[in-house]
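Here the structure is laid out as structure tokens; the discussion comes afterwards.
The values are calculated or read from the model by the stated rules, or taken from the named source; none is laboratory data. These numbers were taken from a predicted model, which means no experiment stands behind them. Ideal geometry is used to build each Cβ from the backbone, glycine not excepted, and the neighbour counts take in all protein chains shown.
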């Protein structure tokens, strides 16, 4: 298994909360959280913002991109060739439609800003709300980074 080319970081708000980590841990069921973990490790940490050239990503606005997942963990591992081709696939198809909004910065770091289960909340209004949240968090992060650089 190759070493990850990118490091993932969770956005921290001014109170030290990590909204994406909380969402993964508290809101997603185990199978969806596992699928997203597998995808982030095998795809996002390898491709970074390059996922935008694949089915797994989409540019949103300057500095912001979307990481998208439509596959279960087992489907991902089969598709990536991690599981042997002769290993049986899971019965039935789990409906997965997850989104994580990200910002690439520094020396190959991907900041995880916001995420939601689009399968459970497919409306355009919800999608726009999550994008606005990610943009607000990105501006907050960039502002705090600029302040810390200025103070150094």
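A compact table of results
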{"read-out": "Qualifying residue in segment 19-37 (condition: under 13 Å from residue 112 (Cβ atoms), modelled with pLDDT under 95 and in contact with a strand residue (DSSP E or B) (Cβ under 6 Å, 6 or more places away or on another chain))", "value": "yes"}
{"read-out": "Candidates 152, 123, 148, filtered to the one that is surrounded by fewer than 13 Cβ atoms within 10 Å (Cβ to Cβ), farther than 20 Å from residue 35 by Cα and at pLDDT 95 or above", "value": "123"}
{"read-out": "Cβ-Cβ under 9 Å pairs, at least 6 apart or on other chains, segment 119-146 side farther than 16 Å from residue 102 by Cβ, far side modelled with pLDDT under 95 and part of a helix (DSSP H, G or I)", "value": "119/32"}
{"read-out": "Subset tally (residues that are closer than 19 Å to residue 97 by Cα and either within 11 Å of the chain's Cα centre (by Cα) or free of Cβ contacts under 8 Å to residues at least 24 places away in the same chain (or both)) for segment 1-34", "value": "9"}
{"read-out": "Lone unmet requirement of (1) in a helix (DSSP H, G or I); (2) at pLDDT 85 or above for residue 60", "value": "(1)"}
